[in-house]
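S.K.: The structure follows.
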Amino acid sequence: MVSVMLDTSFLITLHDRKRPHHETALAYWRWFEENDVHLYLSSIVVSEYCVKGRVEELPLEDGLPLPFTMRHATKSAKFFAHVHRAKGSKRDAVKDDLKIIAQAHCEGCEKLLTDDVNTMASHARQLHAAGLCSTETLTLSEGFDAALLRPDRQRELRLEE
């Protein structure tokens with residue numbers, strides 16, 4: 001069973017048909033519904049989403065609510081120190097992204113699904129490459145690929161009829 005942390009940008013894209021990667025978000029969501037997936041929904045993601053959206057729009061019944069804990073806080077501080085040294089970034093949004101990445105790592109989430117290539121995916125991949133974070137990042141801009149969600153990464157064989 002694969003475990004996936006959902007990022008705010010994924011949820012926004014899933015609910016907004018006008019966003020460029022809406023169909024990809026839908027494809028992932030359908031796959032989640034058809035397969036045995038542990039979905040994690042961070043309290044930080046809920047907070048970010050509710051700035052413009054409503055909590056009733058979120059798939060709370062499908063996800064495991066994840067509060068931000070002391071363990072997550074200390075890990076996100078280490079992640080921030082690493083990213084700050086590398087890029088000198090101090091933006092609050094970056095801090096929230098790093099908190100979500102820390103939650104995913106601490107909870108053993110195998111995947112982080114986002115539509116934010118510039119900050120969330122960039123920082124998560126930087127931390128993964130440095131060996132600090134075990135969670136792999138998937139971005140909607142790369143399209144839907146069920147093989148990335150399978151432990152063996154096997155693709156489906158499609159035979160022509």
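None of the figures in this text is laboratory data; all of them are computed from the coordinates on show. Nothing here was measured: the structure is a model prediction, and the numbers come from that model. Methodologically, a virtual Cβ is constructed for each residue, glycine included, from the backbone with ideal geometry; neighbour enumeration extends over all protein chains shown.
S.K.: Can you give me the relative contact order of segment 2-143 as a percent, contacts being Cα pairs under 8 Å and 6 or more apart? Could you put the intermediate results ahead of the total?
M.R.: Working: 205 pairs, mean separation 42.0, N = 142.
Computed value for segment 2-143: 30 percent relative contact order.
S.K.: Name the residue farthest towards the positive end of the dipole of the chain from the options Trp29, Val2, Thr69, assuming +1 on Cβ of Lys and Arg, -1 on Cβ of Asp and Glu, about the Cα centre.
M.R.: After comparing all options, I get Thr69.
S.K.: I've got another one for you. Choose one answer from Asp36, Asp62, Asp116: the residue with the largest mean-square fluctuation in a GNM of the chain with alpha-carbon springs under 10 Å.
M.R.: Most flexible of the set in this elastic network: Asp36.
S.K.: Which one, Glu142, Glu48, Glu110, has the greatest fluctuation when you compute a Gaussian network model over the chain with C-alpha springs under 10 angstrom?
M.R.: Residue with maximal mean-square fluctuation among Glu142, Glu48, Glu110: Glu142.
S.K.: With only Lys, Arg, Asp and Glu charged, each at its Cβ (+1 for the first two, -1 for the last two), find how big the charge dipole of the chain is about the Cα centre; round to the nearest 20 debye.
M.R.: With only Lys, Arg, Asp and Glu charged at Cβ, the dipole is about 1040 debye.
S.K.: Checking understanding here: applying a Kyte-Doolittle mean of at least -1.0 and a length along the axis of at least 15 Å (C-alpha), which whole DSSP H helices in the chain pass? Show your work: numbers first, answer last.
M.R.: Details: long enough: 22-34 (18 Å, -0.91); 70-87 (25 Å, -0.72); 92-106 (21 Å, -0.01).
Going by DSSP H runs, the hits are 22-34, 70-87, 92-106.
S.K.: Gaussian network model of the chain, Cα springs within a sub-10 Å range: biggest mean-square fluctuation belongs to which of Thr69, Thr139, Thr119?
M.R.: Thr69
S.K.: Give the long-range amide H neighbours of Phe68: residues separated by 5 or more places, or on another chain, with amide H under 5 Å away, using H modelled in the peptide plane at 1.01 Å from N.
M.R.: Ser43
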